[in-house]
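What follows draws every value from the coordinates through simple rules; no lab data is involved. It should be emphasised that the depicted structure is a prediction, and the values quoted were computed from it without experimental measurement. Positions of Cβ are generated from backbone atoms using ideal geometry, with glycine treated the same way; all protein chains shown enter the neighbour counts.
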Amino acid sequence: MGSSAFALVLALALVACVTPAERKCQLSGLWRNEQDSLMEISAVRGDGDFQGKYLTQVTLTGGCARVSPLKGAQQQPGEGGWPTFAFTVRWDKFSNATTAFAGQCFVDAGGKETLTTMWLLREAVGSLEEDWKATRVGRNIFTRKHTPKGKILPSLSPSCEDTALPAP
Ligand code: BTN
């Protein structure tokens, strides 16, 4: 058997071996949602905890956003199931708001990974009387963003200062 025929047989055997239950969801990596926001999750620790960075494309004020820290935890994936997770983003560099996301990771038959999430966005208000209007709720769907090797979130997105510069 020629080497290319052997490689083909090997590839087919590998594909046949991968059942849906074995298509594990990996939270780590770069993700983009339908609002074009980007998040980068670093390696998930053995206990499920993870950290990362988030760059939102939309803000409450319409102003410029900055890369913000995220912290979360993932449930241990059950037999044949896909893990649930939750994380918070502290918009500490440009806002006094905080968002809590909760969701689940799915992998389709073609191997495409999707994170479905719901979020609560809490902004600070000046008095208890304003508490009723301080929390928004919404949904975000994230898909993995494939990038050239070594490209990470800060290198993909110019900072506020860069975008504010007038064209030369
Ligand atoms: C702020 O504007 O004060 C904080 C930024 C909030 C961005 C929200 S969080 C939920 C939604 N998903 C995103 O990617 N961005 C918005």
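Taking the criterion of being of a type in the set (A, V, I, L, M, F, W, C) and either in contact with an Asp or Glu (Cβ under 8 Å, 6 or more places away or on another chain) or assigned to a strand (DSSP E or B) (or both), the residues of the stretch 28-51 that qualify are Leu30, Trp31, Leu38, Met39, Ile41, Phe50.
In the stretch 33-42, the qualifying residues are those that are within 19 Å of Pro83 (Cα to Cα) and touching a Ser or Thr at 6+ places or on another chain (Cβ under 7 Å), and the one that is nearest to the ligand (Cβ to nearest atom) is Ile41.
Conditions tested, residue by residue: (1) among the small types (Gly, Ala, Ser); (2) assigned to a loop (DSSP other than H, G, I, E, B); (3) under 13 Å from the mean Cα position of the chain (by Cα).
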| site | (1), (2), (3) |
| --- | --- |
| Cys64 | no, yes, no |
| Gly72 | yes, no, yes |
| Pro77 | no, yes, no |
| Val89 | no, no, yes |
| Ala102 | yes, no, yes |
| Ala109 | yes, yes, no |
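In the stretch 62-87, the qualifying residues are those that are surrounded by 15 or more Cβ atoms within 10 Å (Cβ to Cβ) and farther than 14 Å from Val44 by Cβ, and the one that is farthest from the ligand (Cβ to nearest atom) is Val67.
Annotation: Tyr54 fulfils all but one of (1) more than 10 Å from the ligand (Cβ to nearest atom); (2) in a strand (DSSP E or B); (3) aromatic (Phe, Trp, Tyr); the unmet one is (1).
Among the residues of the stretch 42-49, not a single one is hydrophobic (A, V, I, L, M, F, W, C), under 18 Å from Trp119 (Cβ atoms) and in contact with a strand residue (DSSP E or B) (Cβ under 8 Å, 6 or more places away or on another chain).
For beta carbons closer than 7 Å, sequence separation of 6+ or different chains, a first residue in the stretch 24-37 that is free of Cβ contacts under 8 Å to residues at least 40 places away in the same chain and a second that is outside any strand (DSSP E or B), the qualifying pairs are Ser28/Ser42; Ser28/Ala43; Ser28/Val44; Asp36/Gln57. The criterion of being under 23 Å from Pro148 (Cβ atoms), within 13 Å of the ligand (Cβ to nearest atom) and of a type in the set (Gly, Ala, Ser) does not hold for Ser95.
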